[in-house]
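The values are calculated or read from the model by the stated rules, or taken from the named source; none is laboratory data. Note that this is a predicted model, so its numbers are computed, not measured. In this analysis, Cβ positions are derived from the backbone assuming ideal geometry, glycine residues included, and neighbour counts consider all displayed protein chains.
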Amino acid sequence: MHRSRHQPEAKQWRMATEFARFICGGLLIMEHLENEACSKPHQSIEAKKKSLVKAWNAIPQEVIDRAVDDFPKRLKKCIDAQGGHFENK
């Protein structure tokens, strides 16, 4: 696979990952996805996508509920930090 053909798509995944960290309550969900879907190399981007979707579908509803409930607090922290880093503040 020629790397330059996939750079825009890789950039989109990085942006989606950063957005997911914010939207989904931070590291808890991302750690689950990384442990389940990214712990082994994939032969293609499509294979990685399938692995991520499978891992996402396995996230317990309670974890998602907690992330949704925490969203207003996280959004306020983001606003207070003027869009900057706020995870450990």
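Things to note:
- Scan of the range 31-47 for residues that are in a helix (DSSP H, G or I), loosely packed, with under 11 Cβ neighbours inside 10 Å and small (Gly, Ala, Ser), ordered by number: none
- Filtering 86, 71 for residues that are aromatic (Phe, Trp, Tyr), in a helix (DSSP H, G or I) and either at pLDDT 80 or above or surrounded by 12 or more Cβ atoms within 10 Å (Cβ to Cβ) (or both) leaves a single hit, 71.
- Residues in the range 48-63 that are part of a helix (DSSP H, G or I) and within 20 Å of residue 38 (Cα to Cα): 48, 49, 50, 51, 52, 53, 54, 55, 56, 57, 63.
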